[in-house]
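Below is one structure; the comments refer to it alone.
The values are calculated or read from the model by the stated rules, or taken from the named source; none is laboratory data. All of these numbers come straight from a predicted model, not from anything done at the bench. Note: ideal-geometry Cβ built from the backbone for every residue, glycine included; neighbour counts use all protein chains shown.
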Amino acid sequence: MNFIPQIKKYLQARHFNAVQPVAALIDMDGTLYDSMGNHASAWHRMVTELGIDMPRDEFYMYEGRTGAATLDIIFQRAYGRNATDQEKAELYHRKTVYFQELPDVNPMPGAQQMIDTLIKAGLRRVLVTGSGQSSLINRLDNDFPGAFTPQLRVTSRDVTKGKPHPEPFLRAMQLAGVKPSQAIAIENAPLGVKSACDAGAFTIAVTTGPIPREALEEAGAAVIFSSMQECADNIHMLLLQLLTTTLDS
Ligand code: MG
């Protein structure tokens, strides 16, 4: 695949002469794990019990936000106010319990191959998740051994502003000791793509659920793959083209 037009478009927009990838900043839900269906179902069950009518698929669009930020959206719509801290604690806990009652989620097909390629290419890997849900975060070491050192993880506990704010990806760059022109990001959700793009990273989006490609494009993704397997099969070529493409080449 030829990514040079997309690379040049990104370089022009950012006023960079080149991208020299040193770190890969990687989302978790919907990117490493096929977990978004369960998250949407758990949110939907919780709001339905509150008597709030929201379509299940709407929760895919909120992906990346912290639980507290999602609850504020739900409460603003239903009651015209933000949720209180106590409501946030109780309801996010309830959503987490419902998530855990659902069948186990699996690693996304192709995710391990994608990680292996990044490791072989010598890129530092940083986890960047809006989740605070320890059930999945704790599985990472088993499912993706060696992928992320404990120091190179940004979760909802490490930021004051979650995605779509750029803070999570800026924090990830800081942890990895890289500039935006040395970072690629891998995301599946529009809010995550926006966060990564606003932080300045060359952002690769992967469609892994019902979110349409256009929403990822609109959020600013530089390259979009239609599955994680496609991403895994092409990311080596993309890295090579990033290394060899400059604005004036
Ligand atoms: Mg995601």
Quick check, is residue 182 under 20 Å from residue 35 (Cβ atoms) and over 16 Å from the mean Cα position of the chain (by Cα)?
-> no
Answer yes or no: is there a residue in the stretch 70-77 that is within 14 Å of the ligand (Cβ to nearest atom) and buried (at least 17 other Cβ atoms within 10 Å of the Cβ).
-> yes
Inside the stretch 111-190, counting only helices (runs of 4 or more DSSP H) that do not spill past its ends, which hold 2 or more residues that are in contact (Cβ under 8 Å) with a residue 60 or more places away in the chain and surrounded by 21 or more Cβ atoms within 10 Å (Cβ to Cβ)?
-> 111-120, 167-176
Residue, nearest to the ligand (Cβ to nearest atom), within the stretch 3-46, restricted to residues that are crowded, with 21+ Cβ neighbours inside 10 Å and among the β-branched types (Val, Ile, Thr) | 31
Could you check, for the stretch 191-213, whether at least one of its residues is of a type in the set (D, E, K, R), at pLDDT 95 or above and not in a helix (DSSP H, G or I)?
-> no
So residue 55, is it surrounded by fewer than 17 Cβ atoms within 10 Å (Cβ to Cβ) and more than 15 Å from the ligand (Cβ to nearest atom) | yes
